[in-house]
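Bear in mind that the values in this text are calculations on the coordinates, not laboratory data. These numbers were taken from a predicted model, which means no experiment stands behind them. All Cβ positions, even for glycine, are placed from backbone atoms using ideal geometry, and neighbour counts span all protein chains on display.
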Amino acid sequence: MSYSDKNRAIYQAQLKELQDKGLFKQERYIHSSQAADIEVEFPAGSPIKKVINMCANNYLGLSSHPEILKAAHEGLDSRGYGMSSVRFICGTQDIHRELEKKVTEFLGTEDTILFPSCMDANAGVFEAILTDKDVMISDRLVHASIIDGMRLCSAIHDTFKHSNMEHLEEKLQLHADKRLKVVITDGVFSMDGDTALLDEMVALCEKYDALLFVDESHSSGFIGKTGRGTHEKCGVVGKIDLITTTFGKGLGGASGGCVSGRKELVEMCRQKARPYLFSNTIAPVVVSGVLKVLEILSKSTDRRDKLEKNTAFWRKGLTEAGFILKEGDTPIVPVMLFNASLAQNFSKDLFQEGVYAIGFFFPVVPNSQARIRTQVSAGHEIHHLEKALEGFIKVGKKYEILGKTKQEIIDRYGM
Amino acid sequence: MNRDEIKDIVLKYVIAEYAEDENDEITFDTPLISGGIVDSFSMVSLKRFLENKYKISIPDEKASPEAFDSVNKITDLVIEFVG
């Protein structure tokens, strides 16, 4: 037996350390479909509780949309369950290529390649297009999957301060001698809900002959007038060299991702990206669902318009109640509590009030930046948001933080 | 160029480059990499800054996280190559 008591003890000690530090993650079991109203078992073995979901990436409320369920059923019937092959052997169906073309059209790019997830897209893209003669210059708050992708790439890596264009320009000058320079950012940053300054970044990239990469996972489908993403909001459609995005959030919420952009870069991914070459792609049932998602979103902006209204209602309600929010206009609305224990206790009390929202604290966010991250959905009706707001206000009163400044909250609860 | 001048220039660069806010106190001996102020990625710009500023070339094997872990240690490294 190789899994000796000594080996087991090593892992038991590591897991205990996570528990002792308050970093141990526990899953909550949801007994219903993903929606605004969900039924949750938490902790495990507890009676099922009906709560309002304020922390899903289900931005457009499409996770359980009847037309998408129907399309997925049809896809299952006509194209089967699995491919049992990677793309370049015998794992590509007509609908995979159809989805790539539809995504290209939706995002306003030149070509697209599907990946099993956006995590995989970000893990594979840099290594496929760059060498040790090149440099990657990333915003310091980009998503963990991008950081992993950069670690797998032989190009050197530098960073610029979050959304600081002067600092980015300094870095472009510092690395002017490199063969290729790629500037890397999220479109909407997942923890703070703020938006990248893509128009300024495009201008800098043009000035210094750099490529621009944007992860649109928290933007695709709802940011911009017709929901194309941050590049639409910033007026730079067609000027982003590489976009990665996911079908696991706003665009149906199932799974899968892609790299979309300049056709040569996409082709390099098709030839060299390891998660594409060595893993099955998105299952036909999901491809069929995402095709329907894009059809719905291309016909009408109703859902992203409703999300915009819901977001404005939610931000206004929380602000008027006296909470401190991270400023912005995206459906990611962080309610700042600054102290990690307060964030955890606040989340537990919200659950008792029928509101499901999770506390985030170090190391996921910087020290003294603990928060409850709320996410608004087009699947929410105003009555959901009103009830959630009641819950927030009740718990906020309990901890006496309403109308208090950051310093007053820190003075009382610590950093 | 004497050691104190180099130390001051390196410290000024490190503060401008890596301090997130006014509460971050960085001194000549503050652990930069082991203290989590500079991540291993961001060492690249520090290395390139030193090379450009002092017209030196620091081999990759010398640019270890240990050698970059404080302003004093970085200064030692620079002096080694400036001669």
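Over segment A:141-225, the alpha carbon radius of gyration divided by the compact-protein estimate 2.2 N^0.38 Å works out to 1.09. Quotient of the Cα radius of gyration of segment A:66-299 and 2.2 N^0.38 Å, N being its number of residues: 0.98. Couplings for segment A:351-361, taken from phi via the Karplus curve 6.51 cos²θ - 1.76 cosθ + 1.60 with θ = phi - 60°, read 4, 4, 8, x, 10, 9, 8, 9, x, 10, 8 Hz in order; Gly and Pro are left as x. Using a Förster radius of 51 Å, what is the FRET efficiency between A:E27 and B:E5 based on their Cβ-Cβ separation? Nearest 0.05, please. With a Förster radius of 51 Å, E is 0.35.
Of all trypsin sites (Lys or Arg not before Pro) in segment A:321-415, which ones are in loop regions per DSSP and have a Cβ with at most 13 other Cβ atoms within 10 Å? Those that pass, being in a loop and sparsely packed, number zero.
Multiplying the residue separation of A:L69 and A:K49 by 0.36 nm and subtracting their alpha-carbon distance yields 4.7 nm. Once Rg and the Kirkwood radius are both taken over the C-alpha atoms of segment A:155-279, their ratio Rg/Rh works out to 0.97.
Beta bridges from DSSP with both residues in the protein assembly as shown: antiparallel share about 60 percent, rounded to the nearest 5.
Between segment A:198-218 and segment B:38-83, the alpha-carbon centres lie 29 Å apart. Using R0 = 51 Å, the C-beta based FRET efficiency linking A:R412 and B:E66 works out to 0.80.
Amide H contacts of A:V355 (H built 1.01 Å from N, in plane; Pro and chain starts excluded): A:I52 sit under 5 Å, all sequence-distant by 5 or more or on other chains.
Residue by residue, segment A:320-325 carries 3J(HN,Hα) couplings of 5, 6, x, 7, 9, 10 Hz when phi is fed to the Karplus relation 6.51 cos²θ - 1.76 cosθ + 1.60 (θ = phi - 60°); x denotes Gly or Pro. Computed from backbone phi with θ = phi - 60° and the Karplus coefficients 6.51, -1.76 and 1.60, the 3J(HN,Hα) list for segment A:54-59 is 10, 9, 8, 7, 7, 4 Hz; x is used for glycine and proline.
Reported value for the protein assembly as shown: 182 Å³ per residue, from the convex hull of its C-alpha atoms.
In this rough spin-label picture, where each label sits 7 Å from Cα along the Cβ direction, the A:C90-B:K55 distance is 6.6 nm. Overall shape: prolate for segment B:3-82, with the ratio a/c of the largest to smallest alpha carbon gyration tensor axis at 1.5 or above and a/b above b/c.
Within the listed set A:N345, A:N53, A:N310, the residue fluctuating most in the Gaussian network model of chain A (springs between alpha-carbon atoms under 10 angstrom) is A:N345.
Averaged over residues, the count of other Cβ atoms within 10 Å places the peptides A:256-263, B:52-59, A:189-196 in the sequence A:256-263, A:189-196, B:52-59, highest first.
Segment A:A13..A:S341, full-extension length gain: 115.8 nm, with 0.36 nm per residue of separation and the alpha-carbon distance subtracted. Result for chain A in a Gaussian network model with C-alpha springs under 10 Å: among A:S163, A:S78, A:S46, the largest mean-square fluctuation is at A:S46. Distance between the 7 Å Cα→Cβ label points at A:K348 and B:E80: 5.1 nm. Taking 0.36 nm per residue of separation and subtracting the current Cα-Cα distance, fully stretching the chain between A:K309 and A:K225 would add 28.9 nm. Measuring between their Cα centroids, segment A:119-188 and segment A:38-65 lie 36 Å from each other. Each part gets one Cα centre, and for segment A:367-408 versus segment A:296-345 those centres are 9 Å apart.
Taking A:G61, A:G252, A:G75 as the candidate residues, the one with maximal mean-square fluctuation in a Gaussian network model of chain A, Cα springs under 10 Å, is A:G75.
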